[in-house]
1. Quick one: in region B:33-71, which of the residues that are over 15 Å from the mean Cα position of the chain (by Cα) and of a type in the set (Lys, Arg) is farthest from residue B:182 (Cα to Cα)?
2. What is the residue count in region A:122-171 for residues that are away from every other protein chain (no Cβ under 14 Å) and aromatic (Phe, Trp, Tyr)?
3. Please verify whether region B:98-115 includes one or more residues that are within 14 Å of chain A (Cβ to nearest Cβ), touching a strand residue (DSSP E or B) at 6+ places or on another chain (Cβ under 9 Å) and closer than 24 Å to residue B:46 by Cα.
4. Among the numbered conditions (1) part of a loop (DSSP other than H, G, I, E, B); (2) at pLDDT 70 or above, tell me where residue B:190 comes up short.
5. Restricting attention to region A:174-190, does a residue exist that is crowded, with 22+ Cβ neighbours inside 10 Å and among the charged types (D, E, K, R)?
6. Determine, yes or no, whether residue A:17 is modelled with pLDDT of 85 or more, within 20 Å of residue A:207 (Cα to Cα) and surrounded by 13 or more Cβ atoms within 10 Å (Cβ to Cβ).
7. Read through the list (1) surrounded by fewer than 23 Cβ atoms within 10 Å (Cβ to Cβ); (2) among the hydrophobic types (A, V, I, L, M, F, W, C); (3) away from every other protein chain (no Cβ under 14 Å), then give the number of the only condition that residue A:49 fails.
8. Pick from A:36, A:27, A:49: which is touching a Cys at 6+ places or on another chain (Cβ under 9 Å) and closer than 20 Å to residue A:204 by Cβ?
Amino acid sequence: MEMVSQFLASPVMQGSLLPAMLIALVASSMSVMVMAHRLSFLTVGVSHASLAGLGLAVTLSLPLLPTATVFALLVTFLLAAMPKKRGIGEDAGTGMLFAGSMALGVVLISTAGRYEVDLFGLLFGNILTVSTTELSWLLLVAAAIVFSLLLFARAWWSIAFDAVTAEAAGLPVNGIRLVLYGATGLTVIMCVKLAGIVLTTGLMVLPAACAWFWGRSLAGLWLLSVVFSLIGTWIGLMISYHRDWPSGATIVLALCCIFILSWGGAWLKQRARKHKPQAS
Amino acid sequence: MSEPCVSISGLSFAPEGRPVLEAIDLSLDYGHFMGIIGPNGAGKSTLLSMIAGLLQPTSGKIELFGKVLNKLNRHRLLRQVGFLDQMHDHDPRLPLRVSDVVAMGSSDYASPLWRRNDCSDAVERALQQVEMSELADRDYRELSGGQRQRVRLARALVRSPKLLLLDEPSAALDSRRQDQLYALLRRLSREEKMTIIMVEHDIAAITAHVDSVACLNRRIHYHAMQGDAIPENIWKEMYGDHVHIVAHDAGCIGCHHPEES
């Protein structure tokens, strides 16, 4: 209890708790769709490509988050438009874009002067220093993502289940999918603030992966994913405060632990169910 | 309702210059139940996909309910069409209850979350039609192939479509379930005036139930009404010289009855 009150009393944590929870809420909601549509390649690609966006912002002295956001959206749509028919698969496309824009980012940032950029913060996240402008930007992006979720969640879900039938039912599948890609790209940028470029995919895949063992419908999966993510983020932040560990990495580790527990629990449940008929 | 439910005229489809469908003309009234047969690669599924608005014809037009199907009215017209795609035996990954899968077929399922869409009555009714009510709460991933196929059919029926397009609906069903399926489709076309177009491999299984059979191999070689015999040369044109047709049932459309020729 003392640990919790100390944690809550700390002004640094007070400032970072709200943005961290906001990011956790949005990322875990989108993570259901990332799992359903197998978009983890996109989260990896866009998060790494955002380094080039940040490098561009540093070089041209543009505001960091808005520039990264625009750049991430561009990369997302580029990945969506990658010609799959000519044999360039999504994985190869992501690989090329990922390496290319990381390289561009590293060059841009290194030429901009070493001391201006917190490269470690970009790579592994730093939620402890969120300015008011950044917070309002995060809120704006979060609002856009949540709105598109409310508007399209069911359509995205039904396309993930059976895209052909969804299209035959009259849904403009390609357009709706493009919005999904865009929302995923925006979520990635939010996550980069919390967990950094390298760990973002963890925030966008782990919550839904934990919930996948237990959920039986879209609503159930969504709720569980959010709950797991909020718990993981809370525990991660608290441990990072007490142990002085990097916050993003600690949160991702906490989510990994929840995943292992969830997996173990599901395995035990399945085992119990198998043995039940024999016992009776 | 003077106009036909489906009217196809001069339709052809030739992606990259390779003809798949040619000169298709077809007109079906409301409540008509048509079977499409033909060899593998004859373009049966392609034709169905075009009526379902998934593919654009190279030339010709498709009219549904008296209106030419185009990109602008596609969304509105297809709300009255039920479509059962060919079953692919991939493992479904999403955690869904059977009733949720069926609900996905309702025409306003994909509406925003702030709009409530309670379609539980329609879902219940569709599940009853395919005799799957008892499994409504089961996880779809745990069902057998045949059970999944019946759930998919319920999903196509839940919107009470005016036009039902079925691509090999009897796949994965045993013969008893197949008969029940055809009897259900017969009833829907008679009682609810649902127009049904069904692609099937097995002509013998369907002819006792349908109103007509279209023999398709790139073009429609013959459209036999109930009581018609499909001439032997049509069979040979469609399937090649090695076919040998044996009449098996006097009520069967399409069969070549030796005593009549």
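1. Out of the qualifying residues, it is B:71.
2. So the answer is 2.
3. The answer is yes, given that some residue of region B:98-115 is within 14 Å of chain A (Cβ to nearest Cβ), touching a strand residue (DSSP E or B) at 6+ places or on another chain (Cβ under 9 Å) and closer than 24 Å to residue B:46 by Cα.
4. (1)
5. No, there is no match, as no residue in region A:174-190 is crowded, with 22+ Cβ neighbours inside 10 Å and among the charged types (D, E, K, R).
6. Values: modelled with pLDDT of 85 or more: yes; within 20 Å of residue A:207 (Cα to Cα): yes; surrounded by 13 or more Cβ atoms within 10 Å (Cβ to Cβ): yes.
Considered against the rule, which asks whether it is modelled with pLDDT of 85 or more, within 20 Å of residue A:207 (Cα to Cα) and surrounded by 13 or more Cβ atoms within 10 Å (Cβ to Cβ), residue A:17 comes out as yes.
7. If we test residue A:49 against (1) surrounded by fewer than 23 Cβ atoms within 10 Å (Cβ to Cβ); (2) among the hydrophobic types (A, V, I, L, M, F, W, C); (3) away from every other protein chain (no Cβ under 14 Å), just (1) comes out false.
8. A:27
The values are calculated or read from the model by the stated rules, or taken from the named source; none is laboratory data. Note that the coordinates shown come from a computational prediction; the quantities given were computed from them, not determined experimentally. All Cβ positions, even for glycine, are placed from backbone atoms using ideal geometry, and neighbour counts span all protein chains on display.
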